[in-house]
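Each reported figure results from applying straightforward, stated rules to the coordinates on display, with no laboratory input. No experiment lies behind these values; they were computed from the predicted model shown.
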Amino acid sequence: MTESTRADSIHHAKKSRSLFGLLSDIPTLVTDLVKGEIALLKQELIAKAKVFGIGAGLIVGALLFLFLMVLCLIGAGIAALSLVMPLWLAALLVAALFLVIAAGLGFLGYTQIKKGLPPLPKKTIDSVKADIKAVKGVGRIPRSDVGGRF
């Protein structure tokens, strides 16, 4: 069988398929398409995750060196203070300053956390309770909700 004869027979077989035969191929084609799209999505996400990981590692390295720079500046500040007072007193003064800053930040954090307690979504819970009562037919639906919810 020659190349052109084989191509003609395949073309003829594709032409003569019935509508039901073509429709029966749709689930397989859709499944293959979805699998292909998922594979492409996985490849793309893995590539982006690698780039993100490298970038995050570089940022962590930069933050480490920034931390070391801050330590050097603190040492320079202590050394500068040691020109007007003993070295031990300058270090003690800088440590006391950091203690005051840490205490202030800790207190502010504590008050913020206390504002958020308890961590329950009170409005959502009340709304769900009202919905359950409405479904059961117990109580009345608030007037403000009549037009918008049902």
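Taking the Cα atoms of the range 86-138, the ratio Rg/Rh between the radius of gyration and the Kirkwood radius comes to 1.59. Oblate is the label for the range 17-123. Its Cα gyration tensor axes, ordered a ≥ b ≥ c, give a/c of at least 1.5 and b/c at or above a/b. If you take the Cα centroid of the range 92-119 and the Cα centroid of the range 13-90, the two points sit 32 Å apart. Partner lysines whose Cα lies under 29 Å from the Cα of Lys50, excluding those fewer than 8 positions away in the same chain, are identified as Lys35, Lys42.
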